[in-house]
Amino acid sequence: MVRVDKWVRGTLAAWEMLIDFPLPSGLEEYRRRGCDQFSRLIGFPLLGLAIGVVLVLVAAFCSAVFNRIAGGIIFALLATAFLDLKDSGRGVGLLLSLLLLKFRRVPFRESLGALNPELVQTDSPQLTVLLAVFELLKALFFFLLCFYGAKLWLVVILVGAFTVQGTLAMLPDSESGKPFLAISEENHKKIGIAAAVIYVLLMLAFPVGIIAAGAAVYFIATGFRRYFLHEFGGVTANWITLAGAITESVLLLVGILLALHVGH
């Protein structure tokens, strides 16, 4: 029971780091009691599991109250809005900022230094079109997941994205040299183990898709980790947010390709 109590506080600590919506005062006070390093680490995939399950229940509710098409549309709009607003739009802003800079043939390393999470508020016609297309595709993909009985894939997306962000948060800040998440090195792999356990359980629903998702999360996390350490000696908060947004987009695409139960 004590261990579960610490896991809950670790999950709330991950919420405090990743989600901009404030915790209720009671939960905030509960979070401040603290937890051990292991609980802080597994809090990231557990937060993805918790939020993912809530979204699955919302999707099921929409499908039950409305017909499949109307329910799918309503859920797609809600899910798209939540993913954008959970970090106040910084994730989508950073991702589209990166894409726009790539379209302008700015090298990737230089692009990382020029990212602007507020770029979505500019008057760039290119960015306006890019934002509209990106949001429409995301909403369409969420609709398809709901319509074709792959609602549980939402858990896969959030567990993977939060695991990547938690992994990168253990790196030092590129300016101060202090890690965002102070965890002893021998505990670093435990976040991946926790995410892997959740993914193994989800293989019952998506045997092929989970393998692809697990590979994607592993290569995104380790690839960004090595790149940021080698090129910059650490990360920034924006790069952690960007990595989460990239992971969400990749896993959403993987779900569309490998997780839909078409014909069921």
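Select from the stretch 130-216 those trypsin sites (Lys or Arg not before Pro) which occupy a DSSP coil region and have at most 16 other Cβ atoms within 10 Å, ordered by residue number. Intermediate values should be presented prior to the final figure.
Working: sites: Lys138, Lys151, Lys189, Lys190; in loops: Lys151, Lys189.
Within the stretch 130-216, the qualifying trypsin sites (Lys or Arg not before Pro) (loop, at most 16 other Cβ atoms within 10 Å) are Lys189.
Springs between alpha-carbon pairs under 10 angstrom, Gaussian network model over the chain: which of Ser39, Ser111, Ser176 fluctuates most?
Greatest mean-square fluctuation among the candidates belongs to Ser176.
How big is the gap, in Å, between the Cα center of the stretch 52-102 and the Cα center of the stretch 183-226?
22 Å
Dipole of the stretch 45-258, Cα-centred, from +1 at each Lys and Arg C-beta and -1 at each Asp and Glu C-beta, to the nearest 20 debye?
For the stretch 45-258, the charge dipole is close to 380 debye.
Using 0.36 nm times the number of residues separating His188 and Phe21, minus their current alpha carbon distance, what extension gain do you get?
Taking His188 through Phe21 to full extension adds about 57.4 nm, to one decimal.
Around Asp173, which amide H atoms from residues at least 5 apart in sequence, or from another chain, sit under 5 Å from its own amide H, with H modelled in the peptide plane?
Lys178, Phe180, Val235
For Asp36, Asp87, which order do you get if you count the other beta carbons within 10 Å of each Cβ and list the fewest first?
Asp36, Asp87
Taking 7 Å along the Cα-to-C-beta vector as the label spot, tell me the Leu140-Arg33 distance in nanometres, rounded to one decimal.
Using points 7 Å along Cα→Cβ, the separation is 4.8 nm.
Between Leu253, Leu78, Leu23, where does the largest GNM mean-square fluctuation fall for the chain, given springs only between Cα atoms within less than 10 Å?
For the chain, modelled as a Gaussian network with Cα springs under 10 Å, the answer is Leu23.
Could you identify which residue out of Glu186, Glu110, Glu175 has the top mean-square fluctuation in a GNM of the chain using Cα springs shorter than 10 Å?
Ranking Glu186, Glu110, Glu175 by mean-square fluctuation puts Glu186 first.
Mind sorting out which of (1) 35; (2) 20; (3) 28 is the real percent of Cα pairs over 30 Å apart computed from the coordinates?
(3)
Considering lysine pairs in the chain that are 8 or more places apart or on different chains, how many have Cα atoms under 29 Å apart?
17
A short reminder: the numbers here are calculations on the coordinates, not readings from a lab. Quick caveat: nothing in here was measured; it's all calculated off a predicted structure. With ideal geometry, Cβ positions are generated from the backbone for all residues, glycine too; neighbour counts draw on all protein chains shown.
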